[in-house]
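Take a look at the structure set out below.
The values are calculated or read from the model by the stated rules, or taken from the named source; none is laboratory data. As the structure is a prediction and not an experimental result, all values here were calculated from the model. Glycine also receives a Cβ, built like all others from the backbone with ideal geometry; neighbour counts cover every protein chain displayed. For accessibility, only protein heavy atoms count, side chains too; no ligands or nucleic acids. Shrake-Rupley method; radii C 1.70, N 1.55, O 1.52, S 1.80 Å.
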Amino acid sequence: MSPALAESTPARVGPHGGSLKVAGDLQLETVVNQGGIQMFAFDRQGSPVSVDRGRGAAILRVEGNAKRYRYDLLPDGKGSLLAPVNLSQIAGRQIEIDVQLIGVGSSGVRFDEVATVPASETQLAAAAIARQKICPVSGKPLGSMGDPVSVDVGGQQVFVCCAGCVDAVKADPAKYASGRPKITVTTATAADAAAIAKQKVCPVMDEPLGGMGTPVKVTVGDKPIYLCCKGCIKKVQAEPAKYLAMVYGGAQTESNPSSATSNLSVSVVRATPADASLIATQKTCPVMDEPLGSMGGPVKLMVGDKPVFLCCRGCIKKVEAEPAKYLAKVYGATSQGSVPSGAEQVREGIYKVTAADAPFISAQKKCPVMDEPLDAMGGPYKVHANGKAIYICCPGCAKRIAAEPGKYLAILSNQGVAAPLLR
């Protein structure tokens, strides 16, 4: 006899907080939490039905990932069928589950379920801290003074850097309800001269203050930051904690490989009328995201053999420091470069990534074997494939690429990713 299929009915909540569906003469409740997948059965009147002789399978697919995972559903001795599996790593993500049961009901059951793995309180708080980033009272990065402190503002969590800032939020909750410090923009005056002399350079462009006219004063909370030009304002507004840390201390040394230089040659040349079509195609400066021409005639750099146009000369140093990064911004994955083959192996044929790999890691994004983010399982790592570098999420993927390097290079190519050459 064919298994009973679940009826298409509006979603209902079961007695255990899960999703309740009707299949044949049964009602089936699916509960998804970080500890796994649990099934409860009830008759049409809502009375529990024993599943002690039942078993089944839950075939799970995570949104955005074609791979499917199968887990056995077995009696837990407490009235349910349970597939114990750690789902904490996909908290907050939607999953699709194909449920197949036998020994439950007269003919077995099969149905599909869509659910979201709930996040824990700790994960929710961590996500909120990551979104907020900065203490609205002190302007300091959350975490720079120890564990952030949560303050309830009208039922909403606002995080501050330390206990010393709690009273300020409670005294004026409306002021701090957004969780962000107030940011104001003014022109620096003579009264700012000492502060400008102390700061010396713009934290966005690393240019001497005053080199591009009167410095712009951006006040984040109660702390002033001086910028070389108006073009830098958007950067500070987008990441105030980053630039406060750069000016006032607390900036952490970057371990991200993208912070290092590459060996691409960079030279400044004169833009000519023949460059007009290229400038129109590029449209914006890859450093400042400003329209080309908005700050005078565009500056032309040759990065390797490719032109990159900038809004002003103040952006040159950024490209000189990270040429591969900005080349990739302008030309995307088609800007095939090269990386060192690798010196430090974590296993035979699997290499630790270096600074030079960062732009290509950013361009590739996902492991071609598992279709997972490159940092999802402790990676990224680098392997060799027909004279090119492929980045993987875990050492276990290396064998697949070693067996069929052309296959995985083709997968990347179909995704618009050009694997860098090895040197």
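Does residue 403 satisfy the condition of being of a type in the set (A, V, I, L, M), within 19 Å of residue 285 (Cα to Cα) and open to solvent by 30 Å² or more (accessible area, probe 1.4 Å)? Give the derivation first.
Details: of a type in the set (A, V, I, L, M): yes; within 19 Å of residue 285 (Cα to Cα): no; open to solvent by 30 Å² or more (accessible area, probe 1.4 Å): yes.
Taking the combined requirement at face value, the residue does not satisfy it.
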Per-region count, region 46-60, residues under 19 Å from residue 97 (Cβ atoms) and outside any loop (DSSP other than H, G, I, E, B): 6
Residues of region 382-414 satisfying the condition of being in contact (Cβ under 8 Å) with a residue 24 or more places away in the chain and assigned to a helix (DSSP H, G or I): 395, 397, 398, 400, 401, 402, 408, 409, 411, 412
Region 195-243: number of residues that are farther than 19 Å from residue 317 by Cα, at pLDDT below 85 and of a type in the set (A, V, I, L, M): 2
Subset tally (residues that are surrounded by 15 or more Cβ atoms within 10 Å (Cβ to Cβ), touching a strand residue (DSSP E or B) at 6+ places or on another chain (Cβ under 9 Å) and part of a loop (DSSP other than H, G, I, E, B)) for region 156-211: 12
